[in-house]
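Contents: one structure, followed by commentary.
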Amino acid sequence: VTDKFTESLYVLANEPSVALYRLQEHVRRSLPELAQHKSDMQSWEEQSQGAIYTVEYACSAIKNMTDSSVYFKSIDSLLKHAIAMKEQLNAAQG
């Protein structure tokens, strides 16, 4: 009985250390792969942030272009007026 009792105590005393050893072994095997996945995800996040910035910049440029249509219309009318004035000057000189 004492042998079985001693053996049971020995097994119970060593069981947590075996479980921790197995856990450490698992972490040691899976950690490099997890670190690589983390690195890949960070790289993809940086690329995504760059793409988002590019899209936001392009949207801002398009919005500014549509907002500047008033100025382009004004420039167009001024150019037409200048051409008409030039034609009048040419007619007066000719």
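The values are calculated or read from the model by the stated rules, or taken from the named source; none is laboratory data. All of these numbers come straight from a predicted model, not from anything done at the bench. Backbone-built Cβ (ideal geometry, glycine too); neighbour counts: all protein chains shown. Just the protein is used for accessible areas: all its heavy atoms, side chains included, with ligands, DNA and RNA removed. Shrake-Rupley method; radii C 1.70, N 1.55, O 1.52, S 1.80 Å.
Observations on the model:
- Sole residue being surrounded by 10 or more Cβ atoms within 10 Å (Cβ to Cβ), among the aromatic types (Phe, Trp, Tyr) and over 17 Å from the mean Cα position of the chain (by Cα), chosen from Tyr21, Tyr71: Tyr21
- One residue from Met85, Met65 being open to solvent by 100 Å² or more (accessible area, probe 1.4 Å), of a type outside the set (Lys, Arg) and part of a helix (DSSP H, G or I): Met65
- Screening the candidates Asp40, Asp3 for the property of being open to solvent by less than 80 Å² (accessible area, probe 1.4 Å) and of a type in the set (Asp, Glu) yields one hit, Asp40.
Here is a yes/no grid of residues against (1) modelled with pLDDT under 95; (2) of a type outside the set (S, T, N, Q):
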| residue | (1), (2) |
| --- | --- |
| Leu31 | yes, yes |
| Glu45 | no, yes |
| Gln49 | no, no |
| Ile52 | no, yes |
| Ala61 | yes, yes |
| Asn64 | yes, no |
| Asp67 | yes, yes |
| Val70 | yes, yes |
| Ser74 | yes, no |
